[in-house]
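Chemist: Below are the structure tokens for one structure; questions will follow.
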Amino acid sequence: MPDDVVLITGANNGIGLGLARAVSGLGSRVACLDLAGESLSGLWYLQCDVTEAAQVEACVAAVIAKWGRIDILVNNACLALFAPFEQKDQQDTRREFEVNYFGYLNTIRAVLPHMKARGHGVIHNVSSTVGVSGFAGIHGYASTKGAIDALSRTLAIEFAPYGITVNIVHPPLTRTRSSAPLGVPPRFMADPTVVGRKLARKIGSRSAVVTPGPAEAIGVFLTRLIPQTMGKFLSAWAAAARQTPAAR
């Protein structure tokens, strides 16, 4: 809604950037957190490593000092390292969890006291259907997203008495830095600006699951209905797509 104060992590590129620009264009006040901010001209950028709780808390305090509140948190920062299980160092998977899971915990812990005090708040946790279906080559990333789904459903129950909504955002496969290692040709992936614009219209949504549109909602439904089938299909499709001339 106009005049909401929205905090977005991982806002310097991809869906986060598209969302930040679109939400700002709708009249909300947006605080953008990321390690770098070269793409965030015209938006308020705060340098932040979400794996560092002290940095997150300082940024949240700065937003509240400037605008008095945080209405909506969008947890979008992520790390995805593509490699078959046997070829991947376990430390890389730990890094993915530090960003994708514990980074979310850090921001939620930082905003929670302020949202509780106001009796209002929305926390959007960006996830992925691969957390349900699995996907060859990204076991670390997929595992973090499965954990985020479980976390979100649990906190939705715990925080409801405080007037705080916690939900899961499921975007489509999008042209982002995180998806680049998959090697899927860009033409098969969604435009992050378009995805951000669609999600911006739902920035205040209190639905349990938020998608940009009906196609993604159908994808979520099918993935939950037949997870193994979807995982095998998508993994095979991506492998075939990487062999097309555009992917080479």
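Every number in this text was worked out from the coordinates using simple rules, so none of it is lab data. Note that the structure is a prediction, hence the values are computed from the model and not measured. Every residue, glycine as well, gets a Cβ built from its backbone with ideal geometry; the counts of neighbours run over all protein chains shown.
Chemist: Which whole-number percentage describes the relative contact order of region 154-248, with Cα contacts under 8 Å and a sequence gap of 6 or more?
Modeler: Numbers: 78 pairs, mean separation 31.1, N = 95.
Once divided by the residue count of region 154-248, the mean separation gives 33 percent.
Chemist: Can I ask one more? Calculate the spin-label point distance for residue 240 paired with residue 118, positioning each point 7 Å from the Cα along the beta-carbon direction, and give it in nanometres.
Modeler: A separation of 4.8 nm, rounded to one decimal place.
Chemist: Restricting to DSSP H runs of at least four residues, report the calculated mean residue ellipticity at 222 nm for the chain, -39500 (n - 2.57) per run over all residues, nearest 500 deg cm²/dmol. Don't skip to the answer; put the middle values down first.
Modeler: On the way: 9 runs with 112 residues, N = 248.
Calculated mean residue ellipticity at 222 nm is -14000 deg cm²/dmol.
Chemist: Right, another one. Got a sec to turn the phi values of region 15-30 into Karplus ³J(HN,Hα) couplings, 6.51 cos²θ - 1.76 cosθ + 1.60 with θ = phi - 60°, whole Hz, x for Gly and Pro?
Modeler: 4, x, 5, x, 5, 4, 5, 5, 5, 4, x, 7, x, 7, 8, 10
Chemist: Okay, moving on. Pairs of lysine in the chain with Cα under 24 Å and at least 8 positions apart or on different chains: total? Working shown, then result.
Modeler: Values: 66/116; 88/145; 88/232; 116/202; 145/198; 145/202; 145/232.
The result is 7.
Chemist: Run the numbers on region 5-247 and let me know its relative contact order in percent, using alpha-carbon pairs under 8 Å that are six or more apart.
Modeler: Working: 447 pairs, mean separation 50.7, N = 243.
Value for region 5-247: 21 percent.
Chemist: Is any residue of region 52-68 close enough, with backbone N under 11 Å, to a label point placed 7 angstrom from the Cα of residue 102 along the Cα-Cβ axis, and if so, which?
Modeler: Zone members listed by number: 52-53.
Chemist: Which order do 70, 138, 64 fall in if you start with the one that has the fewest other Cβ atoms within 10 Å? Numbers along the way, then the final one.
Modeler: Numbers: 70 24, 138 27, 64 17.
Listed from fewest to most nearby Cβ atoms, that is 64, 70, 138.
Chemist: Check each of the GluC sites (Glu not before Pro) in region 16-122 and keep only those in coil by DSSP with at most 16 other C-beta atoms within 10 angstrom; list them in order.
Modeler: Working: sites: 38, 52, 57, 86, 96, 98; in loops: 38, 52.
Counting only loop positions with at most 16 other Cβ atoms within 10 Å, the GluC sites (Glu not before Pro) in region 16-122 are 38, 52.
Chemist: Cα centroids of region 3-80 and region 114-129: how far apart, whole angstrom?
Modeler: 14
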